[in-house]
Amino acid sequence: MGIGTSLIRVDAVEKVTGTAKYVGDLEPKDALVAKVVHSTIANGVVKSFDLEEALKVPGVVKIVTCFDVPDYQFPTPGHPWSTEKAHQDIADRKLLNQRVRVYGDDIAAVVAENEIAANRAVRLIKVEYEEHEPILCVEQAMKEGADILHEERPDNIVGHSSFQVGEGTYEEAIKEEGLVTLEKEYETQPVQHCHIEVPHSFAYMEKGRIVVVSSTQIPHIVRRVIGQALGIPWGKVRVIKPYIGGGFGNKQDVLYEPLNAFLCTQVGGRCVKLELTREETLACTRTRHAIKYKIKAAVRKDGTLVARTFKAYSNQGAYASHGHAIVANGANIFKQMYRDEKVLESESFTAYTNCITAGAMRAYGIPQGAFATECLADDLAYAIGMDPLEFRLKNCMQAGYVDPHTKITCHSYGLQECIKIGREHIKWDEKRERYKNQTGSKRRGVGMAIFCYKTGVYPISLETASCRMILNQDGSIQLQMGATEIGQGADTVFTQMASEVTGITEDNIHILTVQDTDITPFDTGAYASRQSYVSGMAVKKTGKILKNKILAYAEYMLQKKADTMDVKQNQIVDKDTNEILLSLGELAEEAFYSLEHCEHITAEATSQCKNNTFATGACFVEVEVDIPYGTVEIIDIINVHDSGKLLNPKLAQAQVHGGMSMGLGYTLGEELLYDKIGRPLNNNLLDYKMPTAMDTPKLNTAFVELEDPTGPFGNKALGEPPAIPQAPAIRNAILHATGVAFDTLPLNPEKLVLEFMEHGLIKGKGEN
């Protein structure tokens with residue numbers, strides 16, 4: 001009972017048997033169908049529409065263009081709202097856009113009786129544009145005289161930030177004699193989330209209110225943003241989130257729910273469904289930010305890291321979404337992972353471009369930052385002839401670390417133990433020696449990377465969650481959470497938490513899987529590895545209140561002091577002897593139906609989290625590189641995690657496996673590509689190279705379970721850290737195998753072959 005056991009998922013039967021209800025299973029059969037008209041230019045202005053032929057299509061009910069929507073600008077990221085204006089997200093979206101900023105921008109929408117009619121009408125709409133040259137990279141966007149993409153940002157800069165740790169400057173620090181200095185650039189690519197269920201919603205009106213059923217990670221935030229987008233009170237909106245087929249951060253953005261809500265108001269409140277195609281999902285939702293890092297570093301020959309300075313440039317794409325928060329978060333790990341003896345200087349930029357809008361994606365800027373820090377760690381170690389593992393042990397974050405700016409503290413620290421476990425698993429020392437000085441077309445190497453991830457978003461943003469528990473007439477309880485189950489197993493873990501605190505067995509706890517802003521208490525949603533840590537606090541707090549209320553009623557029934565009793569296994573027991581005094585079912589029946597003392601026992605509590613901590617870990621990998629073919633085979637890989645106490649070991653392992661798989665795709669093949677006019681070239685799952693089961697090696701996991709004093713049950717972040725370290729670990733293993741350092745992602749065959757040719761490992765045509 002309770003936490004620490006591998007309880008079978010509470011949604012397992014429904015998902016395995018197909019009885020789980022997703023948005024597509026719930027939409028009314030008579031729902032109208034909406035299709036979005038997307039721009040065929042990347043940068044410019046819509047001058048006019050010709051709707052004549054489209055309106056003739058049988059079944060077309062309504063066509064709405066960018067000239068017909070309310071003139072409200074609204075933000076879309078899944079961040080908590082702030083009463084401080086300066087802390088609010090950038091409001092740069094409209095329901096439909098006259099000013100085109102990305103190929104496939106939303107410029108009009110068709111509502112029809114069926115999908116065939118809607119698609120026909122979309123194809124028949126003629127659009128006149130004023131076309132501008134597309135801006136596809138940050139350097140181009142930040143050039144003087146570049147086309148302005150948003151009037152509010154005439155320099156195209158979404159955000160700029162900097163920080164410094166230590167005294168003096170980098171240039172002063174490197175005046176020390178005998179230092180080895182290095183100057184490098186590292187670059188990561190845009191990738192997509194590729195969740196199974198595409199973004200999907202339907203909307204209708206009921207009693208003057210708009211009801212939106214959506215596949216979203218953030219129902220309460222979606223409610224607020226719909227209100228902002230339509231200029232109506234937020235209480236006029238109800239959002240329902242049923243089962244959801246994955247999100248990974250893409251559904252931590254408000255995507256098409258506001259447009260869907262508006263369209264239903266334009267057809268008299270009739271139900272309108274809006275389901276994206278896979279092509280639209282890849283090209284018209286969100287990507288991971290492409291970020292370039294320009295770094296200088298200095299190290300002593302004994303391995304002491306003396307100083308670093310870096311600039312980071314993040315390609316935001318067309319709209320702000322999560323904006324500068326991503327690169328700023330990624331920049332933080334430079335100071336959180338390694339100690340510079342003298343100084344660390346950081347400067348980060350985020351710029352608008354005409355690329356697909358970048359938003360939240362699993363681990364929120366840390367995979368990009370970790371690629372830079374961990375490639376640099378190996379490059380510095382190689383420059384001084386030091387074992388990269390020993391270099392990390394010498395310079396990495398220590399127990400008790402306090403971030404000098406956010407004041408987040410490392411309360412529990414298992415990184416060194418993680419490194420030890422990974423070192424032994426991969427046989428690091430033996431294989432580093434064995435794979436020296438290899439020749440031949442196939443070569444092996446081992447590499448590693450460490451990582452850290454702060455749990456939740458405090459103190460940058462509000463961290464709050466609520467929970468409600470209701471005692472049923474049979475002694476079971478209803479558990480209501482605003483936190484969302486998105487496939488990660490949250491409902492199961494919350495059930496275990498509730499059992500742990502209340503003494504009621506898991507089979508007697510009925511968690512409400514569907515989040516409904518009219519019913520379920522407030523929670524900002526699933527992101528930032530926050531739910532077990534932040535929402536878990538709310539569960540613990542509420543469970544204690546409910547248990548105390550139960551014991552107070554037992555005191556009335558048994559005429560025995562509440563503090564002498566406990567709840568165990570659905571029974572009221574004597575705290576000292578464990579003698580069963582009363583079943584919870586008997587107590588509940590009396591509480592509901594007593595003529596003398598009727599009481600409906602419920603509990604609800606809000607928890608505002610004002611603490612945080614770091615989860616850490618390491619990835620070790622062995623690769624075999626086929627040099628002529630430019631292919632990389634993963635021979636062995638392990639993720640070792642310091643995520644505090646495990647709430648459910650099997651779910652924890654599943655989270656790590658999923659993150660590792662995502663990290664492998666990010667490393668070896670996935671990349672969104674554009675042509676010169678800004679049109680996506682591979683916005684489908686044929687051309688977008690995701691790894692399959694055949695490409696996935698055996699994924700090994702291990703955990704260091706140190707109880708964190710700030711976690712509600714000694715736990716800390718686990719959901720996102722697994723996707724962080726694979727890219728630098730594999731890159732570093734390739735470096736060990738071949739001596740070639742790859743500084744851009746993905747590490748695909750084309751890139752490897754060209755680089756191997758450049759380094760003379762592959763003979764060019766006509767060479768001996």
Practice task
Please verify whether the range 707-730 includes one or more residues that are without any contact (Cβ under 8 Å) to a residue 60 or more places away in the chain and either buried (at least 19 other Cβ atoms within 10 Å of the Cβ) or aliphatic (A, V, I, L, M) (or both).
Solution key: no
Problem - Subset of the range 153-187 that is more than 22 Å from Pro728 (Cβ to Cβ) and hydrophobic (A, V, I, L, M, F, W, C) - its residue that is surrounded by the most Cβ atoms within 10 Å (Cβ to Cβ) - result: Val158
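Tell me, which residue of the range 453-482 that is assigned to a strand (DSSP E or B) and touching a Cys at 6+ places or on another chain (Cβ under 8 Å) is farthest from Asp89 (Cα to Cα)? If you could, list the steps in order and put the result at the bottom.
The first filter runs over the range 453-482 and keeps only residues assigned to a strand (DSSP E or B), leaving 453-454, 464-471, 477-481.
Next, from what is left, pick out any that are touching a Cys at 6+ places or on another chain (Cβ under 8 Å): 464-465, 479-481.
Numbers: Thr464: 18, Ala465: 20, Leu479: 32, Gln480: 29, Met481: 25 Å.
My answer is Leu479.
Consider Lys698 carefully, then state whether it is assigned to a loop (DSSP other than H, G, I, E, B), surrounded by fewer than 19 Cβ atoms within 10 Å (Cβ to Cβ), modelled with pLDDT of 95 or more and not assigned by TED's automatic domain parsing to the domain that holds Gly317. I'd like the intermediate steps shown before the answer.
Values: assigned to a loop (DSSP other than H, G, I, E, B): yes; surrounded by fewer than 19 Cβ atoms within 10 Å (Cβ to Cβ): yes; modelled with pLDDT of 95 or more: yes; not assigned by TED's automatic domain parsing to the domain that holds Gly317: yes.
Judged against the criteria, Lys698 is a match.
Return the residues of the range 656-675 that are in a loop (DSSP other than H, G, I, E, B) and either free of Cβ contacts under 8 Å to residues at least 60 places away in the same chain or aliphatic (A, V, I, L, M) (or both); say none if nothing qualifies. Spell out how you get there, then give the answer.
Applying the first criterion (in a loop (DSSP other than H, G, I, E, B)) to the range 656-675 yields 669-673, 675.
Leu672, Leu673, Asp675 - these are the residues of the range 656-675 that are in a loop (DSSP other than H, G, I, E, B) and either free of Cβ contacts under 8 Å to residues at least 60 places away in the same chain or aliphatic (A, V, I, L, M) (or both).
Restricting attention to the range 159-177, does a residue exist that is more than 30 Å from Leu376 (Cβ to Cβ), touching a residue at least 60 places away in the same chain (Cβ under 8 Å) and over 32 Å from the mean Cα position of the chain (by Cα)?
As a first pass, look at the range 159-177 and keep what is more than 30 Å from Leu376 (Cβ to Cβ): none.
Looking for residues that are more than 30 Å from Leu376 (Cβ to Cβ), touching a residue at least 60 places away in the same chain (Cβ under 8 Å) and over 32 Å from the mean Cα position of the chain (by Cα), one finds none in the range 159-177, hence no.
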Problem - Evaluation of Arg434 against (1) assigned by TED's automatic domain parsing to the domain that holds Arg731; (2) crowded, with 22+ Cβ neighbours inside 10 Å; (3) charged (D, E, K, R) (one fails), failing number - result: (2)
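Filter the range 344-368 for residues that are outside any strand (DSSP E or B) and among the hydrophobic types (A, V, I, L, M, F, W, C); which is nearest to Ile90 (Cα to Cα)? Lay out the reasoning, then the answer.
From the range 344-368, those outside any strand (DSSP E or B) are 353-357, 359-368; that's our starting set.
Next, from what is left, pick out any that are among the hydrophobic types (A, V, I, L, M, F, W, C): 355-356, 360-361, 363, 366.
On the way: Cys355: 18, Ile356: 17, Ala360: 15, Met361: 18, Ala363: 21, Ile366: 22 Å.
Here the residue is Ala360.
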Handout entry: Single condition Tyr72 does not satisfy, out of (1) in contact with a Gly (Cβ under 7 Å, 6 or more places away or on another chain); (2) in a helix (DSSP H, G or I)
Key = (2)
Practice task
Can you work out which of the residues in the range 121-152 that are within 15 Å of Phe349 (Cα to Cα) and crowded, with 18+ Cβ neighbours inside 10 Å is farthest from the chain's Cα centre (by Cα)?
Solution key: Ala141
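Please go through the range 502-520 and pick out each residue that is more than 22 Å from Asp566 (Cβ to Cβ) and surrounded by fewer than 19 Cβ atoms within 10 Å (Cβ to Cβ). Full working, then the answer.
So in the range 502-520, the residues more than 22 Å from Asp566 (Cβ to Cβ) come out as 510-520.
Within the range 502-520, His510, Leu512, Val514, Asp516, Asp518, Ile519 meet the criteria.
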Problem - Check on Tyr453, at pLDDT 95 or above and within 19 Å of Pro721 (Cβ to Cβ) - result: yes
Exercise for the section: Answer yes or no as to whether Pro190 is out of contact with any helix residue (DSSP H, G or I) (no Cβ under 8 Å at 6 or more places or on another chain), under 25 Å from Gly330 (Cβ atoms) and either among the aromatic types (Phe, Trp, Tyr) or crowded, with 19+ Cβ neighbours inside 10 Å (or both). Expected result: yes
Exercise for the section: Could you please give the count of residues in the range 717-768 that are farther than 28 Å from Gly246 by Cα, assigned to a helix (DSSP H, G or I) and hydrophobic (A, V, I, L, M, F, W, C)? Expected result: 9
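Answer yes if at least one residue in the range 734-745 is out of contact with any strand residue (DSSP E or B) (no Cβ under 8 Å at 6 or more places or on another chain), surrounded by 23 or more Cβ atoms within 10 Å (Cβ to Cβ) and closer than 30 Å to Ala654 by Cβ, and no otherwise.
Our first condition is that a residue be out of contact with any strand residue (DSSP E or B) (no Cβ under 8 Å at 6 or more places or on another chain); within the range 734-745, this holds for 739-742.
Next, from what is left, pick out any that are surrounded by 23 or more Cβ atoms within 10 Å (Cβ to Cβ): none.
No, the range 734-745 has no match at all.
Restricting attention to the range 575-585, does a residue exist that is part of a helix (DSSP H, G or I) and either out of contact with any strand residue (DSSP E or B) (no Cβ under 7 Å at 6 or more places or on another chain) or surrounded by 14 or more Cβ atoms within 10 Å (Cβ to Cβ) (or both)? Can you show your working first?
Here is the first cut: in the range 575-585, the ones part of a helix (DSSP H, G or I) are 584-585.
Then keep just the ones that are either out of contact with any strand residue (DSSP E or B) (no Cβ under 7 Å at 6 or more places or on another chain) or surrounded by 14 or more Cβ atoms within 10 Å (Cβ to Cβ) (or both); that gives 584-585.
The answer is yes, given that some residue of the range 575-585 is part of a helix (DSSP H, G or I) and either out of contact with any strand residue (DSSP E or B) (no Cβ under 7 Å at 6 or more places or on another chain) or surrounded by 14 or more Cβ atoms within 10 Å (Cβ to Cβ) (or both).
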Exercise for the section: Kindly check whether there is at least one residue in the range 257-280 that is buried (at least 20 other Cβ atoms within 10 Å of the Cβ) and over 30 Å from Leu230 (Cβ atoms). Expected result: no
Problem - Selection status of Lys335, part of a helix (DSSP H, G or I), of a type in the set (Lys, Arg) and touching a Pro at 6+ places or on another chain (Cβ under 8 Å) - result: yes
Exercise for the section: Would you mind finding the one in Tyr533, Tyr527 that is assigned to a helix (DSSP H, G or I) and crowded, with 24+ Cβ neighbours inside 10 Å? Expected result: Tyr533
Practice task
Can you give me the ranges of the strands (runs of 3 or more DSSP E) entirely in the range 120-196 with at least 1 residues that are in contact with a His (Cβ under 9 Å, 6 or more places away or on another chain)?
Solution key: 157-166
Exercise for the section: For residues that are touching a strand residue (DSSP E or B) at 6+ places or on another chain (Cβ under 9 Å) and of a type in the set (S, T, N, Q), scanning just the range 431-478, find the one that is farthest from Leu735 (Cα to Cα). Expected result: Asn472
Exercise for the section: Test Ala605 against the stated conditions and say whether it is part of a strand (DSSP E or B), at pLDDT 95 or above and within 27 Å of Ile291 (Cα to Cα). Expected result: no
Exercise for the section: Quick one: count up the residues across the range 197-211 that are under 23 Å from Gly489 (Cα atoms) and in a loop (DSSP other than H, G, I, E, B). Expected result: 3
Handout entry: Residues satisfying the stated conditions in the range 113-155, i.e. in contact with a helix residue (DSSP H, G or I) (Cβ under 8 Å, 6 or more places away or on another chain), within 19 Å of Ile677 (Cα to Cα) and either touching a residue at least 40 places away in the same chain (Cβ under 8 Å) or acidic (Asp, Glu) (or both)
Key = Ile135, Leu149
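Just wondering, is there one or more residues in the range 752-767 that are farther than 24 Å from Tyr527 by Cα, exposed (fewer than 15 other Cβ atoms within 10 Å of the Cβ), among the acidic types (Asp, Glu) and touching a residue at least 60 places away in the same chain (Cβ under 8 Å)?
The answer is no; no qualifying residue exists.
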Problem - Among (1) out of contact with any Ser or Thr (no Cβ under 7 Å at 6 or more places or on another chain); (2) touching a residue at least 24 places away in the same chain (Cβ under 8 Å); (3) part of a loop (DSSP other than H, G, I, E, B) - the single one Lys29 does not satisfy - result: (2)
Exercise for the section: Kindly list, by first and then second residue, each pair from a residue in the range 392-407 that is over 18 Å from Thr373 (Cβ atoms) to a residue that is part of a loop (DSSP other than H, G, I, E, B) and modelled with pLDDT under 95, limited to pairs with Cβ atoms under 6 Å and residues at least 6 apart or on different chains. Expected result: Ala399/Tyr413
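The values are calculated or read from the model by the stated rules, or taken from the named source; none is laboratory data. All values derive from a computational prediction rather than experimental measurement. All Cβ positions, even for glycine, are placed from backbone atoms using ideal geometry, and neighbour counts span all protein chains on display.
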